[in-house]
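Quick notes on the structure that follows.
Throughout, read-outs are computed from the coordinates displayed, never taken from laboratory work. Here the structure is a predicted model, which is why all the values come from computation and not from measurement. Heads up, the Cβs are rebuilt from the backbone with ideal geometry, glycines too, and the neighbour counts pull from every protein chain shown.
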Amino acid sequence: MPNLNIEPNRLINEKSPYLLQHAHNPVDWYPWGPEAFAHAVSDDKPIFLSIGYSTCHWCHVMERESFEDEEVAAILNKEFVPVKVDREERPDIDHIYMTVCQSMTGHGGWPLTIIMTPDKKPFFAGTYFPKNSRGHIPGLVDVLTQISRLWQSERAKILSSGNQIASSISAHLTIGKPGKLTEEMLHRTFESFRDEFDQNYGGFSSAPKFPTPHILGFLLRYWKTYGEKDALDMVEKTLEGMARGGIYDHIGFGFARYSTDRKWLVPHFEKMLYDNALLAVSYIETYQATKKSYYREIAEEILSYILRDMTSPEGGFFAAEDADSEGEEGKFYVWTPDEVKEILGDESGERFSVFYDIKPSGNFEGKSIPNLISQEDAFEQRRLFKKERQALFEAREKRIHPFKDDKILTAWNGLMIAAMALAARVFNEPTYRQAAENAAQFILKKLRRNNGRLLARYREGEAQHLGYVDDYAFLTWGLIELYQASFQPKYLKEALTLSQNFVDHFWDEENGGFFLYGNDSEQLLVRPKEVYDGATPSGNSVSALNFFRLARLTGETKWEETAQQILETFGGAVKQYPAGYTHLLMALQFVEGSSQEIVLTGDPADEDFKTMLETLNKEYLPYSVILTVQEGLKETIPFIKDYLPINNQATAYVCQNFSCQKPTTDKNELISFLNNHPQSTPGKD
């Protein structure tokens, strides 16, 4: 809790929940902006830049230990110009200086600590620092004291170092590695994942273990294309392992950020909108591929959590929930057997505790994180405890909740719009479609300027910060999925308009690829391009797949040409470490996999039309796009006027490899054709 007796600093006027958390620090924080840098120049002081986000556990720890401390504040206020940045509002700043930290120290993370010259050239980098030195971790007081002394006595060395680092980072972040990607790269990538796979618990590392939805999406498509059972097995083992583990909230649903251990047991308890959106997509697609009902159940539970706890009255989706409550990480989520029995009664409470691994000794700091890691037949049995889980949820609601970051980010909303729209289509559930439409309409109304330019963040009536590459890429993805779920022409048209605005402001005409921020944004130390898939897939990767899909939907070759340029711009980087670029490889899979365009024509209100569409939506067809013939699309997509229903019945036209098959009015014939004409040739070179 902030000390409200302290006169607030400049951050009190900000909207970012993260900046507001620091508004009552004794540190005289500035938000990033001209005032801070002018002050640094006039007072001849270095900038102390601290970057984090509101639900970051170690950011809270550093604040309590250092930024709420009067001694630390005195040094910062006297010798530096302290600047706070919310990485979720300013991913451009964060990306540049995180790259600096990783190159200087070999690692990164948040809180991110950078010390730089008044002209934004970094010369010191690190992450978390306690107030005083502790073991091998230097203390912030010692760091600040030493750097202040060097700033006065060895200024020339510092300035030279800053210039060298800035020059090195500029070259690293702006120069792409072109190369041609071929089908062989897909096989190499699959083999690397098979080598790295954890056969016991799923996932592709030991600890910490992160959800990797883009890897799962790649492997699902690899299975679909080549019939490689190991690819599907890796996906299923990983999704089951996560859903069994403590990383999944078995009481209130939704996934935490990552697991600190190999078994998926102990999470870092914060919940992020983007993780839950991307994982929902993974569970939905795997349900399509396998028809196993528990994948649908987990997906629906994720989305019920979002609709219940993370949806604003205006329709947008909130950003995150904290790991901490009452100053303790995970306190909101853990249980003792006595607490369970008090709610459920002795007999029922004992059964529940045994099933969910809630024991007197605990599995996390003396208490227990509910999990099903050691349970046989867990997904069948968990259904028997639905009432008990609901009772515990209602009791848990009375606890002090973790902090909720209620800002609405365009990029992350785009991902959740995609997840909701996909669920609406696959599960034939209008509630999800409505949620996706509400969010899309909110973003397009509140987070877009009159000239079409997207904005990145909305909170308390204020839309701010020109949109970044991910805002355009992820929202376009969401709009494409929303068109596929609703067949309302306006969503496809919005996706096309948005994509053209994106190209106008972000495309690198000289070298190809999209810059992280636009040509009309604040120009920083460097204008980077990114294609590596981290916690979320890169905007360039998502855009490549978006544009291939738009090309198939509209027949406009310019979108395919741009997507191909993205593949070629970053092909050299992908070849060096293909496992880091799986969403871009999904775009390669789409174009290599003989994608299919399916055009449905007829009366959408007729039962035979609905039946044909529902049949299509249940199938896992990752390389297909579906169009319906409507008046509102004929100007945008002129060729659809030639598709006519046969005998006034719902009729499907399927085109593949630039040739079209004879139309059919029989849903079984349609599915038989799709299954007997695979979207690529099974078998590897």
Length-normalised contact order for the chain - Cα pairs under 8 Å, 6+ apart - percent:
12
Can you give me the angle between helix 140-153 and the longest principal axis of the chain, using Cα atoms only, in degrees from 0 to 90, rounded to the nearest 10?
70
What's the exposure ranking of S361, S538, S304, going from fewest to most Cβ atoms within 10 Å?
S361, S304, S538
What trypsin sites (Lys or Arg not before Pro) does segment 611-678 have in DSSP loop regions with at most 15 other beta carbons within 10 Å?
K634
Fraction in percent of alpha-carbon pairs per bin - 10 Å, segment 460-517
22, 43, 30, 5
Computed for the chain: size of charge dipole around the Cα centre, +1 on C-beta of each Lys and Arg, -1 on C-beta of each Asp and Glu, debye to nearest 20, value 600
Cα pairs beyond 15 Å in segment 53-131, in percent, come to 59
Span from the segment 572-630 Cα centroid across to the segment 273-315 one, whole angstrom
19
Selection from A280, T290, A256 lying farthest towards where the dipole of segment 231-362 points positive, charges on Cβ:
T290
Positive-end extreme of charge dipole, segment 10-174 - chosen from T145, M104, L11 (charges on Cβ)
M104
Using only alpha carbon pairs under 8 Å that are at least six residues apart, calculate the relative contact order of segment 10-174 and give it in whole percent.
23
Row for segment 518-557, column shape: gyration tensor on C-alpha, a ≥ b ≥ c, rounded if a/c < 1.5 i.e. under 1.5, prolate if a/b over b/c, else oblate; value oblate
Could you give the Stokes-Einstein D for the chain in µm² per second, using the C-alpha Kirkwood radius, 25 °C, 0.890 mPa s?
92
Over all Cα pairs of segment 235-327, how is the pair count split among 10 Å bins, expressed in % and running from 0 up to the last occupied bin?
17, 49, 29, 5, 0
Going by how many other Cβ atoms sit within 10 Å of their own, how do H39, H24 line up, fewest first?
H39, H24
Could you state the per residue volume, in Å³, of the convex hull enclosing the Cα atoms of segment 10-174?
108
Which of rounded, prolate or oblate describes segment 561-642 when judged by the alpha-carbon gyration tensor and an a/c cut-off of 1.5?
oblate
Whose amide H sits under 5 Å from the amide H of K131, counting only residues 5 or more places off or on another chain, with H placed in the peptide plane?
L140
Using alpha carbon centroids, what distance separates segment 353-408 and segment 194-223, in Å?
25
Pairs of alpha-carbon atoms within less than 8 angstrom and 6+ residues apart define the contacts here; what relative contact order does segment 76-232 have, in percent?
12
Three semi-axes of the equivalent ellipsoid, segment 596-676, Cα gyration tensor, whole Å, largest first
18, 16, 12
Alpha-carbon Debye profile of segment 333-398, log10 I(q)/I(0) at 0.12, 0.24, 0.25 Å⁻¹:
-0.26, -1.09, -1.17
Unpartnered cysteines of the chain (Cβ-Cβ under 4.7 Å counts as a partner)?
C101
